[in-house]
Amino acid sequence: MTYFNKTKGRGAALATTILGAAMAVSAQAETADIVAQSAQIVEQGYAGLYEAPPASGPAAVEGKNIWYISCGQAFVLCAQQAEGFTEAAEHLGWTVSVQDGKATPSIASDIIRQAVAAKVDGIAISAFDCPGIKSALLQAKADGVPVVSVQSIDCSADVFGSEEPLFTASVNMLGSTDARDFYYRFGELRAHYVIAKSGGTGKIVSIAETSQQVQQSNHQGFMDTIAKCEGCEVAESKFNFGQVPSPATQIWQSALLQNPDAVAVEYGIDALMELGLQTAVRQTGRRDLIVGGGEGFPNNFEQIRSGTQTFSIGLPFKWFGWAVADTMNRVQAGEAPEDIPSQGTGFMFVDAEHNLPASGEMLEPNVDFRSAYLSIWNG
């Protein structure tokens, strides 16, 4: 009896050992698979992960008076989008007034009301979610003034209670009119870069903004993808935009001090480097950290050159502006919002060895989106 019990015990222990070894081998295989997959995606990202603009659509509906509400002209990404929209509008034969929303919903709401009073033909708006400007959107809708949004979330989204949609149309990028989907993919790509360059091993400090829905989706895309990496560990450092630059800088410094074994620091907002994160990274004294990064601004490209930042995933901000213009033109031509096609866009990976533009310059996608739109608008 004792013998068989002992044998059974040893057999159980052996089975456990074999199972543990098998699980370890499986984990190593899974890690190898995700590292290989990530490396392939990074190589594709160096070449540009772009989808083309529409191939057909209505000719330019000329003579329109359109107001464009920028998310904040003090911010490079907002100013670049506004510049792209203005470029496109010239080709469409529109009169355009660029208004500065200053990243403040109450200001954007006042501008919408002024535009409605001025009897404009349309309003384009960037990066203001519906709830914060709801009353002004209701007024625009009542007066029949179409409002086209980009990088914004409508009141019909589940996170806002699935209420009535108030944007006339939202720009479709990469097959979705929900800005959260674009930013989720953005987060996925940062995770793939970190996995590829770390070999799928080590701790990552992830800087996560918590106040904006698109940034929450951005972070979730990163977290869902990094979870596939068995050898990766994440230490989250959460903040909100109202804490920038202080106490956000101290939050980031603490995260880096508490995780001295980290191999990478990742964030989805390149502008943070100029707003305290660069200081936190430098104070570690580490030159071996993978640091990045997404949006792609000239200052960040300089930090890549100097070695403070490792990578950035550049976004084609001017293309976004042209995409808004094409969407607005389709609305002016009477195209049903649900029939408006994807405007394409996408991402490009930038690091010290790949795609760095000239000093002081923005990254230009390797897709001639301007010619694609002009071929449509010129009929």
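My understanding is that a pair violates if its Cα-Cα distance is over 24 Å; which of Lys134/Lys318; Lys134/Lys238; Lys64/Lys318 do that in this structure?
Lys134/Lys318; Lys134/Lys238, as the Cα separations exceed 24 Å there.
Using a ≥ b ≥ c from the Cα gyration tensor of region 50-184 (square roots of the eigenvalues), is it rounded, prolate or oblate, where a/c under 1.5 gives rounded and otherwise the larger of a/b and b/c decides, a/b for prolate?
Cα axes put region 50-184 in the rounded bin.
Need the full-extension length gain, Glu338 to Lys119, defined as separation in residues times 0.36 nm minus the C-alpha distance. One decimal, nm.
76.3 nm
When the helices in the chain are scored as -39500 (n - 2.57) per DSSP H run of 4 or longer and the sum is shared across all residues, what 222 nm value do you end up with, to the nearest 500 deg cm²/dmol?
-15000 deg cm²/dmol
Quick one: grab the alpha carbon gyration tensor of region 266-379, order the square roots of its eigenvalues as a ≥ b ≥ c, and give me rounded if a/c is under 1.5, else prolate or oblate depending on whether a/b is larger than b/c.
Prolate, since a/c reaches 1.5 and a/b exceeds b/c.
If r is the Cβ-Cβ distance from Ala352 to Asp181 and R0 is 25 Å, what FRET efficiency results, to the nearest 0.05?
It comes to 0.25.
Expressed as cubic angstrom per residue, what is the convex hull volume of the alpha carbon set of region 204-293?
Dividing the Cα hull volume of region 204-293 by its residues yields 80 Å³.
In a Gaussian network model over the chain where Cα atoms closer than 10 Å are linked, find which of Ser149, Ser70, Ser342 has the largest mean-square fluctuation.
Ser342
Provide the gained length on full extension for the span Phe241 to Gln44, in nm with one decimal, where the gain is 0.36 nm per separating residue minus the Cα-Cα distance.
That works out to 67.7 nm of additional length.
Of Ser198, Gly242, Gly221, which is farthest towards the positive pole of region 191-250's charge dipole, taken about the Cα centre with +1 and -1 on the beta-carbons of Lys, Arg and Asp, Glu respectively?
It is Ser198.
Can you give the FRET efficiency to the nearest 0.05 for Ser359 and Asp110, using r as the Cβ-Cβ distance and R₀ = 30 Å?
0.20
I need the semi-axes of the equivalent ellipsoid of the chain: take the C-alpha gyration tensor, multiply each eigenvalue by 5, square-root it, list largest first in whole angstrom.
They are 44, 23, 21 Å, listed from largest to smallest.
Using only the alpha-carbon atoms, what does region 60-124 span along each of its principal axes? Please give whole angstrom values in decreasing order.
Reported extents, whole Å, longest axis first: 31, 28, 10.
If packing is taken as the average count of other Cβ atoms within 10 Å, what order do 255-265, 282-292, 200-210 fall into, highest mean first?
So the order, starting with the most tightly packed, is 200-210, 255-265, 282-292.
Pulled fully out, how much extra length does the chain show between Phe160 and Ser97, if you take 0.36 nm times their separation in residues and subtract their Cα-Cα distance?
My answer for the length gained is 19.7 nm.
State, as an integer percentage, the relative contact order of region 146-240 based on alpha-carbon contacts under 8 Å between residues 6 or more apart.
It rounds to 27 percent for region 146-240.
Which residues among region 307-334 fall inside the zone where the amide N is under 12 Å from a point 7 Å beyond the Cα of Glu87, along Cα→Cβ?
Only 316-323 fall inside the zone, counting backbone N under 12 Å.
Each reported figure results from applying straightforward, stated rules to the coordinates on display, with no laboratory input. What you are looking at is a predicted structure, and each value in this text was computed from that prediction instead of being measured. All Cβ positions, glycine included, derive from the backbone under ideal geometry; neighbour counts span all protein chains shown.
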